[in-house]
1. Give all pairs with beta carbons closer than 9 Å in which a residue from the range 366-386 that is at negative phi and among the charged types (D, E, K, R) meets a residue that is open to solvent by 40 Å² or more (accessible area, probe 1.4 Å) and part of a loop (DSSP other than H, G, I, E, B); count only pairs at least 6 apart in sequence or on separate chains.
2. Which of the following residues is farther than 21 Å from T400 by Cβ and surrounded by fewer than 18 Cβ atoms within 10 Å (Cβ to Cβ): A229, A273?
3. Among all residue pairs at least 6 apart or on different chains, which show Cβ distances below 7 Å where the first residue, located in the range 117-141, is touching a residue at least 40 places away in the same chain (Cβ under 8 Å) and within 13 Å of T473 (Cα to Cα) and the second is open to solvent by less than 20 Å² (accessible area, probe 1.4 Å) and among the hydroxyl-bearing types (S, T, Y)?
4. All but one of (1) more than 30 Å from R168 (Cβ to Cβ); (2) open to solvent by less than 90 Å² (accessible area, probe 1.4 Å) hold for V36; state the number of the condition that does not hold.
5. Going by what's in this entry, would D323 be described as open to solvent by 20 Å² or more (accessible area, probe 1.4 Å), under 18 Å from A472 (Cα atoms) and over 17 Å from the mean Cα position of the chain (by Cα)?
6. Would you please list the contacts, defined by Cβ atoms under 6 Å and residues six or more apart or on different chains, that run from a residue in the range 161-188 that is under 20 Å from R467 (Cβ atoms) to a residue that is buried (at least 21 other Cβ atoms within 10 Å of the Cβ) and of a type in the set (G, A, S)?
7. Hey, does the range 99-116 have a residue that's more than 20 Å from V36 (Cβ to Cβ) and touching a residue at least 40 places away in the same chain (Cβ under 8 Å)?
8. Which residue pairs have Cβ atoms under 8 Å apart, sit 6 or more places apart or on different chains, and have a first residue in the range 414-440 that is among the acidic types (D, E) and a second that is part of a loop (DSSP other than H, G, I, E, B) and surrounded by 13 or more Cβ atoms within 10 Å (Cβ to Cβ)?
Amino acid sequence: MERGFRIEIAAAEPKGCDRLVAFTFEDRESHFPAGVHARFTELARTRGSRGVAGERLETSDPLGEGRVLELRGLGPSPALKLETLCAAVTRAARDGAAAGSARLGVLLPDSELLRQPAHAERMLRELALASYRFDRFRTSADPEARSPMRIDVVPPTGDLRGWRSALRRAAIVGRATRAARDLANTPPNEATPDWMASRVRDLGRRIGAKVTVLGERELARRGMGGILAVGRGSSNPPRMVRLEWGRGPQTIALVGKGVTFDSGGLSIKPAAAMDEMKWDKCGACAVFGALQAAAELSLPLRLRAYLPFAENMLGGAAYRPGDIVTCGNGKTVEILNTDAEGRMILADAMAWAASDRADALVELSTLTGACVVALGQNIAGLFTPDDPLAEELTDAANATGERIWRLPLGAEFLEEMRGAHADLRNSGGRWGGASNAAAFLSQFVEPVSRWAHLDIAGPAYVGGEDRVRRGATGFGVALVVEWLSRIAEGTARRRPARA
């Protein structure tokens, strides 16, 4: 994979590795490939390995010139979870790279967890992403940057064909996730609405898609007052982009929030952590990545993406609390808070998507801090009136490790969003903010009844002072691609949208 580890699937003990990593359990004897079994067993015996989680032992291989043997503990085998195993493997890869390894061999443990293709794909995808760095703006060579390390993965079973198939999919989704991260991490002085629209055009050319970009004049002609209001305070005007790709019996609409920077507008945000608002475009970036992967996988679907890009800034022309705005489907919205801007640009995008009559519509956005309060930073909120769609998306999330949790979308939340002098207001009361926002969006999806909103505000990026993990995660790419793949394979329930 470009700019990442070079991963290969090996049948047995890989030759030519300068570091060989194996894993052991607390409660049972470990078995290693025949060629190295005796040496790893001796390492465990002489160093007193207990196999406890986090244990790490290493020694020079007496039969391998300059090679290091490394043994890592996983704890009791019945308690092992896929998340723990994936983390242990990626940690071994990162440590190997930090130690200067050029070629790492990974002997995966014999675990039922790795006998499912989806689990194999997830492990390989996470391994591929373990080396991700956003360093395009560094002016000097990073001392940790070297030629990509090769990783030879030895599966616990003889199903090499299955593992190589899993690696192919993992590579495709990994590249798409990297693309989403790169876009989201690009700073707002470069990643303006027009720049983002140009990146979608580039993607369209690469995958053979039709791309339509609406500027201010066309947005006004179409009555898309939500995105125009949000973008009015910026010197970088808004853009609305639609990308159409593929053929198939089903048409799926994907919508992603693309606020390239969110100052909060006149309802200005606190200065602390405002720099993180370059990641308010992560929803659109996730949709971008999902489209790239879907095209590379040649999924037999017709996909349409609707990506609204705007910069929410202060200025003499900025929209104000008290304004009343007319959105693309004719509904009017009373502005109470200019920092509730994401739902305004999504209103126009979702109304456009709905007017094109898709079989299903899924939208991703870093929409509310309330969702982070409710679910924390690792879980996205799922809102949908469609129970089968909720089950499909949850199953896809479970398969990929991108966690979501369904939250309520009841009539009382819509009542909270009714306007005093307009159809709706863009901000509700203090309580239930994530559900209030979802209820607001529900007013822009007719006639599509099979729709879902994913509030990814928590897991979309890692902020704060963590310089190693800080940045966009690409959350949503793997989940959406898995869901689309299941539809394409006919494994997801199908129910056409009602007119």
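1. What qualifies is D386/R495.
2. Values: A229 fails: surrounded by fewer than 18 Cβ atoms within 10 Å (Cβ to Cβ).
That would be A273, the only listed residue that is farther than 21 Å from T400 by Cβ and surrounded by fewer than 18 Cβ atoms within 10 Å (Cβ to Cβ).
3. Partner pairs satisfying both residue conditions: E126/T90; L129/T177; A130/T90.
4. (1) is the only condition that V36 fails.
5. Values: open to solvent by 20 Å² or more (accessible area, probe 1.4 Å): yes; under 18 Å from A472 (Cα atoms): no; over 17 Å from the mean Cα position of the chain (by Cα): yes.
Against the criterion (open to solvent by 20 Å² or more (accessible area, probe 1.4 Å), under 18 Å from A472 (Cα atoms) and over 17 Å from the mean Cα position of the chain (by Cα)), D323 does not qualify.
6. Once the first residue is under 20 Å from R467 (Cβ atoms) and sits in the range 161-188, its partners that are buried (at least 21 other Cβ atoms within 10 Å of the Cβ) and of a type in the set (G, A, S) give R181/A472; R181/G474; A184/A472; N185/A472.
7. Quick first cut of the range 99-116, residues more than 20 Å from V36 (Cβ to Cβ) only: 100, 112-113, 115-116.
Keeping just the survivors that are touching a residue at least 40 places away in the same chain (Cβ under 8 Å) gives 100, 115.
For the range 99-116, residues more than 20 Å from V36 (Cβ to Cβ) and touching a residue at least 40 places away in the same chain (Cβ under 8 Å): present.
8. That search, which allows pairs on different chains as well, returns E416/G428; E416/G432; D423/K331.
The values are calculated or read from the model by the stated rules, or taken from the named source; none is laboratory data. These numbers come from a predicted model, not from an experiment. Neighbour counts run over all protein chains shown; Cβ positions are idealised from the backbone, glycine included. Each accessible area value is taken on the protein alone, full model and side chains, heavy atoms only, with ligands, DNA and RNA left out. Shrake-Rupley method; radii C 1.70, N 1.55, O 1.52, S 1.80 Å.
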